[in-house]
1. When only residues in the stretch 228-242 that are open to solvent by less than 10 Å² (accessible area, probe 1.4 Å) and in contact with a helix residue (DSSP H, G or I) (Cβ under 8 Å, 6 or more places away or on another chain) count, which is nearest to Asn66 (Cα to Cα)?
2. If you go through the stretch 392-406, how many residues are within 18 Å of Glu381 (Cα to Cα) and touching a helix residue (DSSP H, G or I) at 6+ places or on another chain (Cβ under 9 Å)?
3. From Ala138, Ala97, which residue is free of Cβ contacts under 8 Å to residues at least 60 places away in the same chain, small (Gly, Ala, Ser) and closer than 17 Å to Cys19 by Cβ?
4. Could you tell me which residue of the stretch 116-130 is farthest from Pro158 (Cα to Cα), considering only residues that are aromatic (Phe, Trp, Tyr) and open to solvent by 10 Å² or more (accessible area, probe 1.4 Å)?
5. Could you check how many residues of the stretch 70-98 are modelled with pLDDT of 90 or more, surrounded by 18 or more Cβ atoms within 10 Å (Cβ to Cβ) and not hydrophobic (A, V, I, L, M, F, W, C)?
6. Sort out which residues of the stretch 443-456 are modelled with pLDDT under 80 and in a helix (DSSP H, G or I), and write them in order of number.
7. Which one is least open to solvent (accessible area, probe 1.4 Å), of the residues in the stretch 458-490 that are in a loop (DSSP other than H, G, I, E, B) and not acidic (Asp, Glu)?
Amino acid sequence: MEPDIEPWDRFRDWLHCICVVTFDLELGQALEVIYPGDAILSNTEKINICYLAFPDSNSSNARDTNFHFRIRRAISDVRGCQKSFVDKSPSSLPFDAHYLYGFSIVLMSVLPLFSLFYSVTARIAEHFFENGEAAIEAACHHIDTWQQPQVGRTIEFPLLGTLISCRLPAACDLPYEFRLDGHVELSDHRDESLRLFRPDFTTPIVQHVHHLQLIWELVLLGEPLLIVAPNPSVTSSLVQSIVGLLSPLRIVNDFRPYFTIHDSEFREYSSKSRTPPRVILGVTNPFFIKALDHWPHILKVAEQGAEIGGDDMKKPKKTWSAASRTLDTPPGLYTQYKPFLSKDKSLAKKLLKSGNSLEIQHNILQRHFLELTQSFMIPMERYLSSLMPLKKEMSPFRGIPSTRPFSMDDFLALKKGLKLPILGPQTLSTKHNVEIVDLVLRIRERILEIATETEIRRNLVRQVVKILSNVDDDLKQLLMSNCSLREILA
């Protein structure tokens, strides 16, 4: 027998609460209603929600909009079914029990299910403006009948006269098929004319394709990044898409898809007496460009439809001092960061050939950065695996074996070794002899740097042997004339 379900138990599996925020000419933003009535929100959380629900915008095209934000929680409790859902979800799902996501109406949840909650807010808002507060009360009762979140299954949810069908992602899904918006599929089975709102997390980020590899490095290193855009829909889309570039890693630093000067953390983030925090901020108020003039990286987004200077926009603007930062700063990426990776133009070419298909563009982006992130992780995983005890060392009749100590020198040597290209016969045939000689000499230098006989050193020696076996005899004799190289291969 299933235990009795308490009122609002199913609701709280999905949402923390639903809020209605109004604008009073005398009082300003005011939190008018919270459903259910016993939902706990601190005064700070209420104030943050009020200001985030009424976004300031420097866009001349401002109109009805659907966006999301993220705020710190006073109480970081998580329900059992939510924890189980996160444990079985993809590792990159941007979940953190210390934060709540807000979706305009305002719907508050700890779960980052963007397509689902964007569509739910759009549906509730449509009925709210027709029928008033009764629509929200009815929606809450419908949500209180929903099944618990379960990964890998398609579930149908009743909501205000329609059924929403969605499949929540599972950790075993193919990673490059994930959707950045929470990987939720939506459909309406009763009335095909009813449109379910799906956020566009692809178009804004594709427009900055020439900067994405550099931005990926910044986010991977936890660098502070300010994104200034015309409206909160663009900021929330861009920030969430940039967070998704690290897949299959989950971002551990703070990020705010939309942020205002009234936020309770504004002083913390704008303080010039300390190092800028490791956070990504999405804002619409140009005042932030001056308020955060000590931040090292800023992306200014152009107004939709505005003319953008061609090749100039493809390069980061490095000669930009704090004194030159003004409210009407031109669009572009402003940073003095020197990337470690060479610029890869293949991504832009692939996107150019994709046409206007958002799904194809999304898959290209997701797969490109998934492979990039994995290539960063592989050396780390290999080295950490080499520190683990061997299977033959494990026995129920012995003590627990310990891992070998971490050596920074060995790890960095491995990283250096793996940065070298592994050339096969076909690749070698396209290289000039001078390039091959230079490569072999560079590998020789790395080998000489590693004094002891390690697996890293043996791998590098094998790479030299492979190169020598695939070049002509004249070049091989030239290379072997180097005494130190002969000694290494002896």
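The values are calculated or read from the model by the stated rules, or taken from the named source; none is laboratory data. Bear in mind that the values here come from a model prediction, so they are computed numbers and not experimental data. For neighbour counting, all protein chains shown are included, and Cβ atoms are generated from backbone atoms with ideal geometry for every residue, glycine included. Ligands, DNA and RNA are excluded from the accessible area calculation, which covers all protein heavy atoms including side chains. Shrake-Rupley method; radii C 1.70, N 1.55, O 1.52, S 1.80 Å.
1. Ser237
2. Here the count works out to 4.
3. Of Ala138, Ala97, the one residue that is free of Cβ contacts under 8 Å to residues at least 60 places away in the same chain, small (Gly, Ala, Ser) and closer than 17 Å to Cys19 by Cβ is Ala138.
4. Once the filter is applied, the top-ranked residue is Phe129.
5. 6
6. If the condition is that a residue be modelled with pLDDT under 80 and in a helix (DSSP H, G or I), then Glu445, Arg446, Glu449, Glu455, Ile456 are the ones that fit.
7. Restricting to residues being in a loop (DSSP other than H, G, I, E, B) and not acidic (Asp, Glu), the top hit is Val471.
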